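The values are calculated or read from the model by the stated rules, or taken from the named source; none is laboratory data. Here the structure is a predicted model, which means the values were calculated and not measured. We place every Cβ from the backbone using ideal geometry, glycine too, and count neighbours over all the protein chains shown. Each accessible area value is taken on the protein alone, full model and side chains, heavy atoms only, with ligands, DNA and RNA left out. Shrake-Rupley method; radii C 1.70, N 1.55, O 1.52, S 1.80 Å.
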Amino acid sequence: MLTRMINAINAAVTAFKGGQAEGAMQTPTLAALHNRYIESLTGGLTPDRLERILRAADQGDIVPQHELFADIEDRDEHIHAELSKRRRALLAVPWRVVPGRPDDKRAEAVAAAVREQLATVADFEDVLLDMADAVGHGFSCLEIEWAFDGGLHLPAALHHRPQSWFQLAPDLETLRLRDDSMDGAELWPLGWIVHRHRSKSGWFARAGLFRVLVWTYLLKQYCRGDFSAFLEVHGMPMRLGKYPSGTSDEEQKVLLSALQALGHDAAGIVPDGMMIEFHEAARGSEKPFLAMHELCETGQSKAILGSTLTTDTKGVGSQALGEIHNEVRLDIRDSDARQIAGTLTRQLLAPLAVLNAGVTDAGLLPRFVFDTACPEDLEKLANSLPKLASVMRIPATWAHERAGIPMPEGGEPVLGAPSDAGKDAGSDTAPEPATAALAATPGEDGASGYPDQDAVDAATVPDATLTALARDLLAPLLAEATSGTSPEALLGKLAEVYPRMDTAALEELCARVLFVGELWGRLSVQDEAD
């Protein structure tokens, strides 16, 4: 042992005498610190450390994972903005408490009571926002602060608790509150709302959307660090110091310090006989960094919102394509709303109904519902309803729902009432084709004896009319073609031209034909049933 130690010391002495100058020190230089930007941007996160965190979460240790997820949202403004869009989309959706059983007075009374008790929760919109935090993490926990008022148990407040406060039980599926014990403390019954959100399929630790975003986040932060170093090196001119032969080591150090100071201070002094030259900055391009950065953010937008054109608009026709992409985002919003509504029904509305109304029948439990149906275009609805009302009976509740207008309650004043248009036999207004067809009876002149087929035949139009409608529809496209636009360019402009196409007349025609066919189909089935 002693011999090996002596041999190692002798080898070190030989290396020291052969290559190390007197007074030299092994200290980090600027070149060795090129990773300082990356470390500050990622908080010391590396691919190896990220892999260990994710593997530990798969084995049940979820605390480091959710601490990382919270740190990502703090550090990455793009992820924060996109997640905020997705979470806050729910705040604009109206919600209501509906009876668990339709046409049941007892169920309606329970729903009305629970709705009134739910109104005691201050800032309920914040509760929805806190529950939507589960989109990224996979779960969100809200602690219920109960109050007792007039014999009723009421939720005075719901407090959001960070995901890092919780751990998994040995079954890797049950959440428990972290304490000094190994398995954690069980959550009090009726003391928590635990919303488990499935942004993706998978078991508990993998259900959060951040599991998809972590790698693009890390790549983007590395890209930002490299870009910062690139700007420091390639954004300033090269500084070259020259000293005459025989210059002492101390004077060389002074010159080096002056060169380094010139990079930031733009001032320095050097001994007489030395000089500093400025050369053109090293050539390079920022395009690879920006391309990588954009690629990561595009992937993040797709993962969170399902599209990119609701975030960035680039190129011709982006408005039309953005509207199509927005429909995808609405599908995701509806899915989020359905999951949150189910959790509120089970973990808040049901306890209120049992505690305060003594409900024991599951059919009487009220439901929390988001009204995600988009109201119809009021102008189109106002034009079509009078025509439809003349040939069929339309429930007022259905019309109000489609228009997004609530039904009047009690003696609430109203602006007007629907007219009985179409019932006046002396009306001078000529009936619409579909109306006339529906009014026809078997055996009349020109009738085939099959009212449903006669109605469909009467709803058709001559070929000349269809040709005129098609010409009006394609007018913007034909104008582009006649102006000399090449077929390739015309294909690229389809998205730009589409919003200018007048489809109203053709849509109305198709709607009438489909309406007649569906209506007569329903009537035929009803007649057969009778």
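Quick notes on this structure:
- Average Cα contact separation per residue, the range 92-142, under 8 Å, 6 or more apart, as relative contact order %: 20 percent
- Annotation for the range 54-93 versus the range 110-150: alpha-carbon center distance of 21 Å.
- Cα gyration tensor, the range 53-96 - rounded (a/c under 1.5), prolate or oblate: oblate
- Restraint check, Lys85/Lys302; Lys105/Lys387; Lys242/Lys287; Lys200/Lys287; Lys220/Lys493, Cα-Cα greater than 24 Å: Lys105/Lys387; Lys242/Lys287; Lys200/Lys287; Lys220/Lys493
- With K and R counted +1 and D and E -1, the other residues having a Cβ less than 13 Å from that of Ile304 yield a net charge of +4.
- For Tyr222, the solvent-accessible surface computed with a 1.4 Å probe is close to 70 Å², ligands and nucleic acids excluded.
- The range 35-192, accessible surface, carbon-and-sulfur percent (1.4 angstrom probe): 51 percent
- Largest accessible area first, the listed residues Trp165, Trp192 line up as Trp165, Trp192 when surface is computed with a 1.4 Å probe on the assembled protein chains.
- Distance between the range 377-408 and the range 174-190 - C-alpha centres, whole angstrom: 53 Å
- The largest accessible area among Met182, Met131, Met392 belongs to the first residue in Met182, Met392, Met131, and the rest follow in falling order (1.4 Å probe, all chains).
- The range 82-232 - accessible surface per residue (Å², probe 1.4 Å): 48 Å²
- For Arg176, solvent-accessible area (1.4 Å; no DNA, RNA or ligand), Å²: 50 Å²
- Inverse mean reciprocal Cα-Cα distance (Kirkwood Rh) of the range 69-207, Å: 17.3 Å
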